[in-house]
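*Asks:* Have a look at this one.
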Amino acid sequence: MSNTSSEPDYYGGIEAGGTKFNCVVAGGPDRVALETRIPTTTPQETLDQVIAFFKRSALPIKSIGIGSFGPVDPDPNSPTFGYITSTPKLAWQHTDFAGAIRRALGVPIAFDTDVNAAAYGEHTWGAAQGLRTFVYYTIGTGIGGGGMVEGRLMHGLIHPEMGHVFLPHDRARDPYPGCCPYHGDCFEGLASGPAIAGRWGADPQTLPPDHPAWALEADYIALALVNTICILSPQRIILGGGVMERRFLFPMIRQRVQTLLNGYVVHAAILRDIDDYIVPPALGAQAGVLGAVALARDLC
Ligand code: ZN
């Protein structure tokens, strides 16, 4: 529907995470009219609060975008489109997330993974503008990766699960068995925030930059990035999430990526300009929820 008045359009954005839901009513990064954070409890309780937030908005909302923790079903042609599916958060398994929001609010719903939403936010307004092939990782409570290949958000069979790839795990150097409930020592099992906490018996936020935790962490992240570079040839890699708030990790990861690639991928982006190749999200912690807004805007 075209906007015939001079009023700017507003959209809803929902970034659904394992601990909280970030919700906004916005037109873009510089037009955030309303925002709230809602704790993730049961689907009924949390979604009721999300719906109440949007119903309180005095602004007309044209559509709502959702970027959700998962696994999810992002296939619009599937009968379970918009569902959270096999998540380890048991109360949320087989939850018709998009359907509940659509039925309550009566607007079109865009639905994707949390990391694809964040990637889309960065593509629209942030560090991936103008790029056709790039990857966005979140490294925090869990690890996930999404992004675009040749200008399209990656889906495929379901959606990528870049946090669950297997990495070389030297048990002599790192006897920690990993904490992924499905795989043990996959990338998330070795390098998520809970993995760092479990290995060292301390909150990662309290570990100083020279703690050996971080050299190991940078090694695991660099191994995953090198695999991604070899498989997808991304034009840039964006690293967000709570662990990456420790910004001293960036130079450690960049140096290890160069060492591991060993001159094989011949491009100035890696050989010379790696500071602009492996970067934090330009939208910071807002990438996901603003990406959900961008997904919603694209529906209209
Ligand atoms: Zn795993």
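*Asks:* Going 7 Å from the Cα of F166 toward and past its Cβ, which residues in segment 188-220 have a backbone nitrogen under 19 Å from where you end up?
*Replies:* Counting only backbone N, you get 188-192, 220.
*Asks:* Run the quick spin-label model on A52 and R31: label points 7 Å from Cα toward the beta carbon, then report their separation in nm to one decimal.
*Replies:* My value for the distance between the label points is 2.9 nm.
*Asks:* Let me ask something else. Under Stokes-Einstein, with the Kirkwood radius over Cα pairs standing in for Rh, what whole-number D in µm²/s applies to segment 1-119 at 10 °C and 1.306 mPa s?
*Replies:* Working: Rh = 14.5 Å.
D, rounded to a whole number, is 109 µm²/s.
*Asks:* Please compute the length gained on full extension between T206 and C300, using 0.36 nm multiplied by the number of residues separating them and subtracting their Cα-Cα distance. It would help to have the intermediate numbers written out before the result.
*Replies:* Numbers: separation 94, 0.36 × 94 = 33.84 nm, distance 4.50 nm.
Residue separation times 0.36 nm, minus the Cα-Cα distance, leaves 29.3 nm.
*Asks:* Average projected area of the Cα convex hull of segment 83-168, in nm²? Working shown, then result.
*Replies:* Details: hull surface 30.0 nm².
Hull-based average projected area comes out at 7.5 nm².
*Asks:* How many angstrom lie between the C-alpha centres of segment 184-198 and segment 63-103?
*Replies:* Using only Cα atoms, the two centres lie 25 Å from each other.
*Asks:* Which percent of the Cα-Cα distances in the chain go past 28 Å? Spell out each step's value before the answer.
*Replies:* Working: 16928 of 44850 pairs.
I get 38 percent for the Cα pairs in the chain exceeding 28 Å.
*Asks:* For the residues E217, E150, what sequence is obtained by ranking on other C-beta atoms within 10 Å, fewest first?
*Replies:* Ordered from fewest to most neighbouring Cβ atoms within 10 Å, E217, E150 come out as E150, E217.
*Asks:* Here is a follow-up. Between I158 and R103, 0.36 nm times their residue separation minus their Cα-Cα distance comes to what?
*Replies:* 17.4 nm
Each reported figure results from applying straightforward, stated rules to the coordinates on display, with no laboratory input. Values in this document were obtained by computation on a predicted structure and should not be read as measured data. Heads up, the Cβs are rebuilt from the backbone with ideal geometry, glycines too, and the neighbour counts pull from every protein chain shown.
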